[in-house]
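This report concerns only the one structure given below.
The values are calculated or read from the model by the stated rules, or taken from the named source; none is laboratory data. Given the structure is predicted, the values throughout are model-derived calculations rather than measurements. Note that we place each Cβ from the backbone using ideal geometry, even for glycine, and neighbour counts take in every protein chain shown. Heavy atoms of the whole protein, side chains included, go into the accessibility calculation; ligands, DNA and RNA do not. Shrake-Rupley method; radii C 1.70, N 1.55, O 1.52, S 1.80 Å.
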Amino acid sequence: MSRYEASQIEAKWQEAWEAASIFEAKRTADKPKYYVLEMFPYPSGKLHMGHVRNYTMGDVIARYKLSTGHNVLHPMGFDAFGMPAENAAMAIGGHPKEWTYNNIDTMVEQMKPLGLSLDWSRMFATCDPEYYGQQQSLFLDFLEKGLVYRKNAVVNWDPVDMTVLANEQVENGRGWRSGALVERRELTQWFFKISDYSEELLSALDNLENWPAKVRLMQENWIGKSTGLAFDFTLKGAPEGFDKLPIYTTRADTMMGPTFSAIAADHPLAKALEAQNPEIAAFCTEARKLGTSEEAMEKAEKLGFDTGITVLHPADPTIELPLFIANFVLMDYGTGAVIGCPAHDQRDLDFARKYDLPVIDVFKPLDSDESVQDVAFVPAKTEKVRYVHWHGEAGTEITCKEAMARTLATYEKNGWGTAQTQYRLRDWGLSRQRYWGCPIPVVHCDNCGVVPEKKENLPIQLPDDVSFDKPGNPLDRHPTWRDCICPNCGKPAKRETDTMDTFVDSSWYFARFTAPHSETPTDMAEAEYWMNVDQYIGGIEHAILHLLYSRFFARAMQICGHLPEKSIEPFDALFTQGMVTHAIYENAERKDENGRTIYHYPSEVEERDGGTFVKKTGEEIKVIPSAKMSKSKNNVVDPLAIISAYGADTARWFVLSDSPPERDVEWTASGAEAAHKHLSRVYRIASEAAAMDTGAGKDDETLLREMHKAIRDVTLGVESFGFNASIAKLYGFTNVLAKSKAGGDAKRQAAKVLAQLMSPMTPHLSEAIWDMLGGEGLIANAPWPVADEAMLVEDTVTLPIQINGKRRGELEVSKDLEKSEVEKLALAHEAVLKALDGGAPKKIIVVPGRIVNVVV
RNA sequence: GCCCGCGUGGUGGAAUGGUAGACACAGGAGACUUAAAAUCUCCAGGCGGAAACGCCGUGCCGGUUCGAGUCCGGCCGCGGGUACCA
């Protein structure tokens, strides 16, 4: 009998699949289509276990759908523009293009041995001019439909490197390379009008039944619809031209509680004051040093500067409040100005205590008359409280929600303000001051202004002759690339040098896969057939931005005639798989020559004497447990090592077993060998069955019953993303088969079904077993087994008996036994008799087929 | 800070509100073997007990329920996102 030789088996069957072209997707009318897509990878250089897990899950679905009679589209590509390529060019020389395409080649080479059922003929990278040219064409269409516009927005500016920094490149307010304190700088940038679709993107979430509830909730909160009060404070003592200060608040009911007002450092009024007062200028400069990320601003110590200006309350001008400039007010949200109500907002309370401002209770708990001290009173909006200081009658006991509604009505009636609906969602800024991205196809002409490029001139290609020896955007300093002819007047003009956010690239690739070489962004006939994505799979880290942008793009593309109406929501079902995490190994003894932390690869360290050390140098390691695998932290595991040692099926089996797909999984090396042992065992069991004589055995019926149960359970697992559960069942069924005394015919039948049930996970091994047992054709094409209901029926059931909710015994009863009969049997049970001690039970709960609980 | 998750044996994890720890890993004992590897059998949450069995036990505190890992409230810890990482 031959041994399980994974490398031979895998090469053989991968060739067989390729020869039969079974994964090439073609439109056909005779089968239902199924489009399964995993979020495409960034070509970082090496495939890691997170990719393997992601694509294996998609492959399980794709192969399962193929064997249940679907016409499957399962493509793969690369999200290939982005910062790391430019960083690599700066760090190690070379060109982003070369680096990227080399990485793509490497990763494809690493992916192929996994035996994924991918249609490689559809592969593309977003940095292919063929792709980004179509993206430029989409941009022009969006521009024409008024979905794109320009406005000023702030960026992180490194004053030493003279370059724009991404939020990730700002560490504690300093540029990551120069170490200089970051400033904010205002630039004119391009924006997509996603905020016009706020309501639509919000309400359509209700239709996404096959999306995880948590993702829908995150998107709902991100869009952030609120109803509140919009009003103007009257400014007193402000510079010329500043009479009113528009404010928006979601807590209208606390309008009698504010004791200060605050504006953002980027607010026009703050800028006007800055010009007059050096102290204010100093404060604003300091406030801007936080960088532009919301996280940095919200986490920073709350600081304010009293401008000396006051604001007058719209409902009662005798109420005069101080106006601060504060570092926690966001210019991008609302009007860039807020009211501070310390009694009912913790941040406002902390601020009030710090700057010695009064605290006014607007409402109090029903059962207390205590005033707010150090903890703000923030009840749920639906909780009833007693209003002591507001526009209604003092002492009224109502919910905050009700009080808000009444306040809004009062303000509208008196003309003090208006009820307004607002969204937190901001327009999508797509301009990037970087080279390695899709050029924005517009031209700046002295005569005509900003002019769209002509479609016949697309693609506007990136120049290859650029250098990265200096920081900043090489397109800006290229000698000739900017020079062009104005498409409008024909005079010399300059190209836009900003490129597009890489989220643009990933917002429509799913549509492009339906016709990857079309001369328009999509081919409507193909899109009509293949869209929507039936199952989309990817990381939870994309729950908001990527998925929201894609939803917007689907709408915009539909408006421009590039997607059918049904694709307004492009992803019918979404599954967010967990990440593969790994400990980070940080060198505890030294930093690198630039003073930066050194991270070691898992293969470089060893555990001994209760500690972790670098193998070569013996330096001690600080172990940071369980973090997202990240190239910059070096905590990645190379799947190729597993594949070359044990084979792709082992790697596939391993990443699917144990952890539920939606949960993060901590990579450990020990499990891979065990997975391989199991696959060898399955191979051996199948070989033994193949060698048995024909004829019946004594356990045939039992084995076949277990087989049908396995079909039912494994299928259920595959259909509900319970791959780990399916695998546990497969282990169970394998054990049953191994120990069964059934005859050759029954064993061969069971082994064939086992191979089929395993085939989405371990396709090569399954083909080998199928072949060994005389299966017809490829197992990949064989119809999925169906469980025989009659074989699943059980006659008796074991009921646990609880006494006061604790298990004290069990009862073997026929499946359909009457409740009253079960009660009688339970009361006659030894453990129950003992507990009752001659008395009568207080209550008996019988849950048919489940449990009996006797309360004594 | 804010939004969203997660927390169960030595480890990964299982469990429509109904027997907590399925299925595995690591571990222990044994069989086979000259021996090892491979394979096979058995044991295994903690504490007490020879055993039968008893008590405790799903991050912490409280609640709802005949019954809570699961539902509700409040904490703690970890992870993801936070609009220029992808």
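Quick notes
- Considering segment A:396-413, and only residues there that are of a type outside the set (Lys, Arg) and open to solvent by 70 Å² or more (accessible area, probe 1.4 Å), the residue that is nearest to A:Ile194 (Cα to Cα) turns out to be A:Glu412.
- Among the residues of segment A:5-41, those identified as crowded, with 22+ Cβ neighbours inside 10 Å and of a type outside the set (A, V, I, L, M, F, W, C) are A:Glu10, A:Tyr34, A:Tyr35, A:Glu38.
- The sole residue among A:Arg174, A:Arg150 that is free of Cβ contacts under 8 Å to residues at least 40 places away in the same chain, over 27 Å from A:Gly340 (Cβ atoms) and open to solvent by 30 Å² or more (accessible area, probe 1.4 Å) is A:Arg174.
- Test: A:Ala204 is of a type in the set (Gly, Ala, Ser) and away from RNA strand B (no atom under 12 Å from the Cβ): yes
- Among helices (runs of 4 or more DSSP H) entirely within segment A:665-771, having at least 1 residues that are away from RNA strand B (no atom under 15 Å from the Cβ) and open to solvent by 70 Å² or more (accessible area, probe 1.4 Å) singles out A:670-691, A:700-719, A:744-758.
- Verdict on A:Leu138 being surrounded by 18 or more Cβ atoms within 10 Å (Cβ to Cβ), outside any helix (DSSP H, G or I), away from RNA strand B (no atom under 16 Å from the Cβ) and under 28 Å from the mean Cα position of the chain (by Cα): no
- Residue within segment A:495-513 that is open to solvent by 10 Å² or more (accessible area, probe 1.4 Å) and in contact with a Cys (Cβ under 7 Å, 6 or more places away or on another chain) present: yes
- Filtered by the rule that a residue be more than 9 Å from RNA strand B (Cβ to nearest atom), open to solvent by 70 Å² or more (accessible area, probe 1.4 Å) and in a strand (DSSP E or B), segment A:799-820 gives a lone residue, A:Glu812.
- Hey, A:Pro317 surrounded by fewer than 20 Cβ atoms within 10 Å (Cβ to Cβ), more than 16 Å from RNA strand B (Cβ to nearest atom) and closer than 18 Å to A:His267 by Cα or not: no
- Segment A:526-556 - residue that is hydroxyl-bearing (Ser, Thr, Tyr) and either within 15 Å of RNA strand B (Cβ to nearest atom) or in contact with a Lys or Arg (Cβ under 6 Å, 6 or more places away or on another chain) (or both) and, of those, farthest from A:Lys33 (Cα to Cα): A:Tyr549
- Residue match in segment A:428-436 (condition: over 30 Å from A:Val154 (Cα atoms) and crowded, with 18+ Cβ neighbours inside 10 Å): no
- A:Asp232 being of a type outside the set (A, V, I, L, M), more than 16 Å from RNA strand B (Cβ to nearest atom) and over 30 Å from A:Trp428 (Cβ atoms): no
- From A:Pro474, A:Pro439, A:Pro463, residue being modelled with pLDDT under 95, open to solvent by less than 30 Å² (accessible area, probe 1.4 Å), closer than 28 Å to A:Tyr549 by Cβ and of a type outside the set (A, V, I, L, M, F, W, C): A:Pro474
- For segment A:153-163, the criterion of being within 25 Å of the chain's Cα centre (by Cα), within 16 Å of RNA strand B (Cβ to nearest atom), closer than 27 Å to A:Ile460 by Cβ and not polar (S, T, N, Q) is satisfied by at least one residue.
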